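The values are calculated or read from the model by the stated rules, or taken from the named source; none is laboratory data. Just so we're clear, the structure is a prediction, and the values are computed from it rather than from any experiment. Here the Cβ positions follow ideal geometry from the backbone for every residue, glycine too, while neighbour counts run over all protein chains shown. Keep in mind that these areas ignore ligands, DNA and RNA; they rest on the heavy atoms of the full protein, side chains included. Shrake-Rupley method; radii C 1.70, N 1.55, O 1.52, S 1.80 Å.
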Amino acid sequence: MSHAPGPVARRPCALPVTGAGQAAAGSYCRARTSPLWRHLLWAMAAAWGRTAWQGCGRNYRAALCTELKRPLVIEEVAPRPVQPHEVRVNVHFCGINFADILACRGQYQERHQIPFTPGMEFSGMVLETGTDVSMVKEGDRVIGLPALGGMAEECIIDHKNLWQIPEKVSLREAAALPVSYGTAIFALEHRACTQPGETVLVTAAAGATGLAVIDVATNVLQAKVIAAAGSDEKCQLAMQRGAQSSVNYSRGSLKEAVGKLVGSGGVNVVIDMVGGDIFLEALRSLVHEGRIVVVGFAGGTIASVPANLLLLKNITAMGLYWGRYRHQNFPIFSRSLSSALQYCQEGRIQPHIGEVFKLEEVNDAFLHVTQRKSTGKVLLSLK
């Protein structure tokens, strides 16, 4: 299980201590100390003759949700020791996902104790490893998938939730891969079993996951893609990123527009992230034995599936909650991330980063996403 920065550790850390000193003085490391105590701790550290623990004594900045449905605040946090199975990472970039925004509103399926630091995917460099960690070492470049804590200059995370970044992939690119490309690969390969030459319809096509679906379907699976989005500008971006054709569903019936492109047969696969009426029209656009994968409900409405359509056209409707595979089938979950990194290393995919905000601009970044101004991946830069 991943660990977010502890909310109890917000005050400046008085002194770096390690070894036996860490255990004895740890409770003081998170509190404001007097000159007398600082002198005593220095004496203790010198007496033990240990190298100062690198984490304590150097505070780092983190975005904190201190009240639901209110702006995040940036505060300095004092670090805590790593446990034997944990790794301390110097975070360079953190991805912003709609799930982060929902968590800060108290609307996500997993509720978090306030205060907390959001952020479920990041890239960075290993600063320190616990005694039981052998898969990564200090200086390694990694992507991480914590449950919380990514929107901070440092993050402590279970080593099982880290993947090494290949040589040819930048930290910036790597931060855009985990959630979007992990979801896209899972939806196309594992759930829909997309085959070369098949036609894939993707909704919300200009979003981070939508563009990832286009990238993977076109450049890895050799499928044909119809991109559906809500504006001409977004449709144009989807075409630039590899879609063979596009549909602006704000202008009329999605089903009719798709029918004009593919004829009476329909599309083989739909990856839907909108829900509501768009989901229903996409469902009706499927060919005999077509498959639709429900990934999200960006439109805000959850549609009911008309079971008679499943029967009459022998079509399959399925869901994808990618994050749940971490607990239900970790090997295949991990493989989706390894595949994303490998595809990027080989130059077969190229994530589109629409905007990069500084940590101090995190609330502007959230607003950028909620107002549907974003295209591709939105990142926070911690450096």
Checklist entry - So which residues in segment 143-161 are of a type in the set (A, V, I, L, M) and either surrounded by fewer than 22 Cβ atoms within 10 Å (Cβ to Cβ) or over 14 Å from the mean Cα position of the chain (by Cα) (or both), if there are any at all? => result Ala147, Ala152, Ile156, Ile157
Item to check | Residues of segment 265-291 satisfying the condition of being open to solvent by 20 Å² or more (accessible area, probe 1.4 Å), touching a strand residue (DSSP E or B) at 6+ places or on another chain (Cβ under 7 Å) and either in a strand (DSSP E or B) or of a type in the set (D, E, K, R) (or both) | outcome: Asn268, Val287, Arg291
Checklist outcome for this item: Result of the Cβ filter at 7 Å on segment 63-79, keeping first residues that are more than 16 Å from Glu360 (Cα to Cα) and partners that are among the basic types (Lys, Arg) and open to solvent by less than 60 Å² (accessible area, probe 1.4 Å), at least 6 apart or interchain, is none
Next on the checklist: Among the residues of segment 109-153, what is the count of those that are small (Gly, Ala, Ser) and more than 21 Å from Pro71 (Cβ to Cβ)?
Outcome noted: 7
Next on the checklist: Just to verify a result, which residue in segment 171-204, among those that are in contact with a helix residue (DSSP H, G or I) (Cβ under 6 Å, 6 or more places away or on another chain) and among the small types (Gly, Ala, Ser), is surrounded by the most Cβ atoms within 10 Å (Cβ to Cβ)?
Outcome noted: Ala184
Checklist entry - Considering only helices (runs of 4 or more DSSP H) fully contained in segment 311-383, which possess at least 2 residues that are within 26 Å of Lys168 (Cβ to Cβ)? => result 330-345
Item to check | Condition met for Thr218 (of a type in the set (Ser, Thr, Tyr), open to solvent by 10 Å² or more (accessible area, probe 1.4 Å) and within 24 Å of the chain's Cα centre (by Cα)) | outcome: yes
Checklist entry - What's the number of the condition Asn314 fails, among (1) in contact (Cβ under 8 Å) with a residue 60 or more places away in the chain; (2) open to solvent by 30 Å² or more (accessible area, probe 1.4 Å)? => result (1)
Checklist entry - Looking only at residues in segment 245-284 that are in contact (Cβ under 8 Å) with a residue 24 or more places away in the chain and among the polar types (S, T, N, Q), which one is farthest from Thr209 (Cα to Cα)? => result Ser253
Checklist outcome for this item: Residue pairs qualifying under the 9 Å Cβ cut-off, at least six apart or on distinct chains, with the first in segment 354-383 being under 22 Å from Leu68 (Cα atoms) and surrounded by fewer than 17 Cβ atoms within 10 Å (Cβ to Cβ) and the second being of a type in the set (Phe, Trp, Tyr) and at pLDDT 95 or above, are Asp364/Phe357
